[in-house]
1. Which residue pairs have Cβ atoms under 7 Å apart, sit 6 or more places apart or on different chains, and have a first residue in the stretch 81-103 that is free of Cβ contacts under 8 Å to residues at least 12 places away in the same chain and among the polar types (S, T, N, Q) and a second that is open to solvent by less than 70 Å² (accessible area, probe 1.4 Å) and part of a helix (DSSP H, G or I)?
2. Within the stretch 35-64, how many residues are within 21 Å of LYS5 (Cβ to Cβ) and within 16 Å of the chain's Cα centre (by Cα)?
3. Would you mind telling me which numbered condition in (1) modelled with pLDDT of 85 or more; (2) in contact with an Asp or Glu (Cβ under 6 Å, 6 or more places away or on another chain) VAL112 fails?
4. Contact list please: Cβ distance under 6 Å, first residue in the stretch 124-152 and within 18 Å of GLY31 (Cα to Cα), second residue aliphatic (A, V, I, L, M), pairs at least six apart or on different chains.
5. In the stretch 51-63, which residues are small (Gly, Ala, Ser) and modelled with pLDDT under 90?
6. For the stretch 94-107, indicate whether the set of residues that are at pLDDT below 70, open to solvent by less than 60 Å² (accessible area, probe 1.4 Å) and of a type in the set (A, V, I, L, M) is non-empty.
7. Against the conditions (1) surrounded by 16 or more Cβ atoms within 10 Å (Cβ to Cβ); (2) modelled with pLDDT under 85; (3) of a type in the set (Val, Ile, Thr), where does ILE73 fall short? Just the number, please.
Amino acid sequence: MEKTKFSGIFMDWVMTFAVVAVLAAICNVVGYEGGFLESLPGLLIFACISLAGLTVKHFIPGELPAVAYISIIGMLVAMPFSPISAFVIYWAGKVSLMATVTPILAYAGVIVGRDWKEFAKIGWKGIFVSVLVIFGTFLISGGIAQILGMIL
(Lines give C-alpha, C1' and ligand atoms only; values in the text may rest on other atoms or scores of the structure.)
Protein backbone atom coordinates (compact mmCIF):
# COMPACT_ATOMS: atom_id res chain seq x y z
CA MET A 1 0.00 0.00 0.00
CA GLU A 2 1.14 3.51 -0.71
CA LYS A 3 3.04 5.28 2.09
CA THR A 4 0.71 8.30 2.24
CA LYS A 5 -2.30 6.02 2.53
CA PHE A 6 -0.77 4.13 5.43
CA SER A 7 0.27 7.33 7.19
CA GLY A 8 -3.30 8.61 6.89
CA ILE A 9 -4.72 5.39 8.29
CA PHE A 10 -2.10 5.38 11.04
CA MET A 11 -2.97 8.94 12.05
CA ASP A 12 -6.66 7.95 12.22
CA TRP A 13 -5.69 5.09 14.52
CA VAL A 14 -3.58 7.39 16.70
CA MET A 15 -6.43 9.89 16.99
CA THR A 16 -8.90 7.14 17.80
CA PHE A 17 -6.68 5.64 20.50
CA ALA A 18 -5.97 9.08 21.98
CA VAL A 19 -9.70 9.77 22.31
CA VAL A 20 -10.35 6.30 23.74
CA ALA A 21 -7.46 6.65 26.22
CA VAL A 22 -8.72 9.98 27.54
CA LEU A 23 -12.30 8.71 27.80
CA ALA A 24 -11.16 5.50 29.49
CA ALA A 25 -9.08 7.52 31.97
CA ILE A 26 -12.14 9.61 32.79
CA CYS A 27 -14.24 6.43 33.17
CA ASN A 28 -11.53 4.99 35.41
CA VAL A 29 -11.77 8.04 37.67
CA VAL A 30 -15.56 8.42 37.70
CA GLY A 31 -16.66 4.81 37.83
CA TYR A 32 -13.79 2.98 39.47
CA GLU A 33 -12.12 5.55 41.70
CA GLY A 34 -8.78 5.32 39.92
CA GLY A 35 -6.45 8.22 39.35
CA PHE A 36 -6.58 10.06 36.02
CA LEU A 37 -2.83 10.54 35.69
CA GLU A 38 -2.19 7.15 37.27
CA SER A 39 -4.20 5.36 34.59
CA LEU A 40 -2.78 7.21 31.56
CA PRO A 41 0.49 5.19 31.32
CA GLY A 42 -1.46 1.93 31.25
CA LEU A 43 -3.84 3.27 28.64
CA LEU A 44 -0.92 4.50 26.52
CA ILE A 45 0.61 1.03 26.76
CA PHE A 46 -2.69 -0.47 25.56
CA ALA A 47 -2.79 2.05 22.71
CA CYS A 48 0.80 1.26 21.66
CA ILE A 49 0.14 -2.48 21.69
CA SER A 50 -3.02 -1.94 19.63
CA LEU A 51 -1.21 0.33 17.15
CA ALA A 52 1.54 -2.25 16.78
CA GLY A 53 -1.00 -5.01 16.15
CA LEU A 54 -2.90 -2.95 13.58
CA THR A 55 0.36 -2.06 11.84
CA VAL A 56 1.42 -5.72 11.69
CA LYS A 57 -2.02 -6.66 10.34
CA HIS A 58 -1.74 -3.94 7.70
CA PHE A 59 1.56 -5.25 6.34
CA ILE A 60 1.14 -9.02 6.74
CA PRO A 61 -1.16 -10.59 4.15
CA GLY A 62 -3.69 -13.14 5.24
CA GLU A 63 -7.01 -13.50 6.95
CA LEU A 64 -5.85 -13.36 10.57
CA PRO A 65 -7.82 -10.59 12.32
CA ALA A 66 -6.03 -7.61 13.88
CA VAL A 67 -7.21 -8.65 17.34
CA ALA A 68 -5.07 -11.79 17.03
CA TYR A 69 -1.93 -9.73 16.36
CA ILE A 70 -2.83 -7.33 19.17
CA SER A 71 -3.33 -10.24 21.58
CA ILE A 72 -0.04 -11.89 20.60
CA ILE A 73 1.90 -8.64 21.02
CA GLY A 74 0.18 -7.97 24.35
CA MET A 75 1.06 -11.43 25.63
CA LEU A 76 4.66 -11.14 24.47
CA VAL A 77 5.27 -7.82 26.22
CA ALA A 78 3.67 -9.09 29.44
CA MET A 79 5.46 -12.46 29.62
CA PRO A 80 8.14 -12.88 32.29
CA PHE A 81 10.97 -13.09 29.75
CA SER A 82 10.08 -9.65 28.36
CA PRO A 83 12.35 -6.90 29.71
CA ILE A 84 9.35 -4.57 30.00
CA SER A 85 6.87 -7.03 31.53
CA ALA A 86 7.04 -5.61 35.06
CA PHE A 87 6.44 -2.09 33.72
CA VAL A 88 3.54 -3.22 31.50
CA ILE A 89 1.89 -5.32 34.20
CA TYR A 90 2.22 -2.61 36.87
CA TRP A 91 0.68 0.17 34.78
CA ALA A 92 -1.95 -2.04 33.15
CA GLY A 93 -3.07 -2.99 36.65
CA LYS A 94 -3.93 0.67 37.31
CA VAL A 95 -6.69 0.58 34.68
CA SER A 96 -10.09 -1.00 35.24
CA LEU A 97 -11.14 -3.30 32.42
CA MET A 98 -14.65 -1.88 32.41
CA ALA A 99 -13.25 1.65 32.13
CA THR A 100 -11.59 0.68 28.85
CA VAL A 101 -14.62 -1.14 27.46
CA THR A 102 -17.01 1.80 27.87
CA PRO A 103 -15.42 4.26 25.41
CA ILE A 104 -14.49 1.50 22.99
CA LEU A 105 -18.11 0.36 22.76
CA ALA A 106 -19.29 3.95 22.56
CA TYR A 107 -16.87 4.64 19.72
CA ALA A 108 -17.94 1.48 17.92
CA GLY A 109 -21.60 2.34 18.39
CA VAL A 110 -21.50 5.87 17.02
CA ILE A 111 -19.01 5.59 14.23
CA VAL A 112 -20.57 5.60 10.80
CA GLY A 113 -18.59 4.15 7.92
CA ARG A 114 -15.52 4.00 10.18
CA ASP A 115 -15.00 7.73 9.72
CA TRP A 116 -15.53 10.61 12.18
CA LYS A 117 -16.17 12.97 9.26
CA GLU A 118 -19.10 10.84 8.16
CA PHE A 119 -20.42 10.77 11.71
CA ALA A 120 -20.24 14.56 11.91
CA LYS A 121 -22.37 14.83 8.75
CA ILE A 122 -25.32 13.37 10.66
CA GLY A 123 -25.95 16.71 12.29
CA TRP A 124 -26.67 17.66 15.87
CA LYS A 125 -29.98 15.74 16.03
CA GLY A 126 -28.35 12.51 14.96
CA ILE A 127 -25.49 13.03 17.36
CA PHE A 128 -27.96 13.76 20.19
CA VAL A 129 -29.90 10.57 19.46
CA SER A 130 -26.66 8.58 19.24
CA VAL A 131 -25.53 9.89 22.62
CA LEU A 132 -28.90 8.94 24.14
CA VAL A 133 -28.60 5.47 22.64
CA ILE A 134 -25.07 5.10 23.99
CA PHE A 135 -26.07 6.19 27.49
CA GLY A 136 -29.15 3.97 27.43
CA THR A 137 -27.16 0.99 26.23
CA PHE A 138 -24.45 1.63 28.79
CA LEU A 139 -26.92 2.02 31.68
CA ILE A 140 -28.91 -1.07 30.71
CA SER A 141 -25.72 -3.12 30.21
CA GLY A 142 -24.32 -1.87 33.50
CA GLY A 143 -27.57 -2.73 35.26
CA ILE A 144 -27.62 -6.24 33.82
CA ALA A 145 -23.96 -6.74 34.77
CA GLN A 146 -24.68 -5.51 38.30
CA ILE A 147 -27.63 -7.86 38.70
CA LEU A 148 -25.70 -10.83 37.33
CA GLY A 149 -22.75 -9.93 39.54
CA MET A 150 -24.99 -10.03 42.62
CA ILE A 151 -26.62 -13.31 41.57
CA LEU A 152 -23.46 -15.13 40.57
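1. Listed by first residue and then by second, the contacts come to SER85/VAL77; SER85/ALA78.
2. Number of matching residues: 6.
3. (1)
4. Taking only residues 6 or more apart or on different chains, the pairs are ILE134/ALA106.
5. Within the stretch 51-63, the first condition is being small (Gly, Ala, Ser), and the residues that meet it are 52-53, 62.
The one that is small (Gly, Ala, Ser) and modelled with pLDDT under 90: GLY62.
6. As a first pass, look at the stretch 94-107 and keep what is at pLDDT below 70: 102-107.
Then keep just the ones that are open to solvent by less than 60 Å² (accessible area, probe 1.4 Å); that gives 102-103, 106-107.
This time we only want the ones that are of a type in the set (A, V, I, L, M), so: 106.
Yes, that holds for at least one residue.
7. (2)
Residue by residue, here is whether (1) at positive phi; (2) surrounded by fewer than 17 Cβ atoms within 10 Å (Cβ to Cβ); (3) touching a residue at least 12 places away in the same chain (Cβ under 8 Å) holds:
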{"position": "ALA24", "(1), (2), (3)": "no, no, yes"}
{"position": "ASN28", "(1), (2), (3)": "no, no, yes"}
{"position": "TYR32", "(1), (2), (3)": "no, yes, yes"}
{"position": "GLY35", "(1), (2), (3)": "no, yes, yes"}
{"position": "GLY42", "(1), (2), (3)": "no, no, yes"}
{"position": "THR55", "(1), (2), (3)": "no, no, yes"}
{"position": "ILE60", "(1), (2), (3)": "no, yes, no"}
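The values are calculated or read from the model by the stated rules, or taken from the named source; none is laboratory data. Keep in mind it's a predicted model, so treat the numbers as computed, not measured. Reconstructed Cβ throughout: ideal geometry from the backbone, glycine too, with neighbour counts over all protein chains shown. Surface areas here come from the heavy atoms of the whole protein model, side chains and all, with no ligands, DNA or RNA. Shrake-Rupley method; radii C 1.70, N 1.55, O 1.52, S 1.80 Å.
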